[in-house]
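Inspection log for the structure reproduced underneath, given as structure tokens.
The values are calculated or read from the model by the stated rules, or taken from the named source; none is laboratory data. Please read these numbers as outputs of a predicted model, since none were measured by experiment. Heads up, the Cβs are rebuilt from the backbone with ideal geometry, glycines too, and the neighbour counts pull from every protein chain shown.
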Amino acid sequence: MPPLDRNDRPRTPLALGTIRGFFGDDYRIFTDHIEKVQPVDSFSNCYFYGSCNNFDLKQINLIRCDEEFVAAIYINGLSPDSLPAQLPVPQQFGRSAEIQFYSFGNWNSTSPGHYWLNNFYGVNVLITDNTDDVLTGTFEGLLGSSSGSIRVREGEFKIKIFRKYMPCGK
């Protein structure tokens, strides 16, 4: 779906499997998985957890794309079982959220067209509901790259996650 301009923002309820919002002046709706082979149980909508050498892995991946771009949200250091968190969310080392926006196929995070923002969880990304591992929430912020920045506004998502245990050394 091509981007919508500022006046064409949909007024429809957020569909399951969607990330949407203003990326710059374009309102974009992302509904496709980045994997084109096996999208049901994928990297795009997972909670990875495990423990290795006294380090606890807790990472939630919420990733979708359209024909041109990828929108990715990573939440680190939190289990979905602890979400939604009470407001205000205390800022704690190791609990972060990252928003990325880049051209499909441009996985290099240092390239000029790869925009990102990393902050404490609860500052720019917030889970507002978790029902049966369907995470619903909001996001916003100024994403930067080596070529400049792009403002993300009115971002929202609703994605069912799959839990994947990652044992040490796997």
Residue in region 102-129 that is farthest from the chain's Cα centre (by Cα), counting only those that are hydroxyl-bearing (Ser, Thr, Tyr) and over 12 Å from GLY144 (Cα atoms): SER103
Across region 97-116, what is the number of residues that are free of Cβ contacts under 8 Å to residues at least 40 places away in the same chain, over 17 Å from LEU78 (Cβ atoms) and buried (at least 16 other Cβ atoms within 10 Å of the Cβ)? 4
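Residues ASP8, ASP56: which one is surrounded by fewer than 18 Cβ atoms within 10 Å (Cβ to Cβ), more than 15 Å from VAL134 (Cα to Cα) and modelled with pLDDT under 85?
None of the others qualify; the one that does is ASP8.
Of the residues GLY94, GLY155, which single one is over 16 Å from SER44 (Cβ atoms) and either touching an Asp or Glu at 6+ places or on another chain (Cβ under 8 Å) or surrounded by 13 or more Cβ atoms within 10 Å (Cβ to Cβ) (or both)?
GLY155
Residue under question is ILE75, and the condition is that it be of a type in the set (A, V, I, L, M), modelled with pLDDT of 95 or more and under 25 Å from ASN119 (Cα atoms); does it hold?
yes
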Condition check: surrounded by 14 or more Cβ atoms within 10 Å (Cβ to Cβ), farther than 22 Å from ALA15 by Cα, in contact (Cβ under 8 Å) with a residue 60 or more places away in the chain and among the aromatic types (Phe, Trp, Tyr). Does TYR121 satisfy that? no
Scanning region 144-157 residue by residue, those of a type outside the set (A, V, I, L, M, F, W, C) and more than 17 Å from TYR74 (Cβ to Cβ) turn out to be SER146, SER147, GLY148, SER149, ARG151, ARG153, GLU154
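Could you tell me whether any residue of region 130-152 is aliphatic (A, V, I, L, M), without any contact (Cβ under 8 Å) to a residue 40 or more places away in the chain and not in a strand (DSSP E or B)?
no
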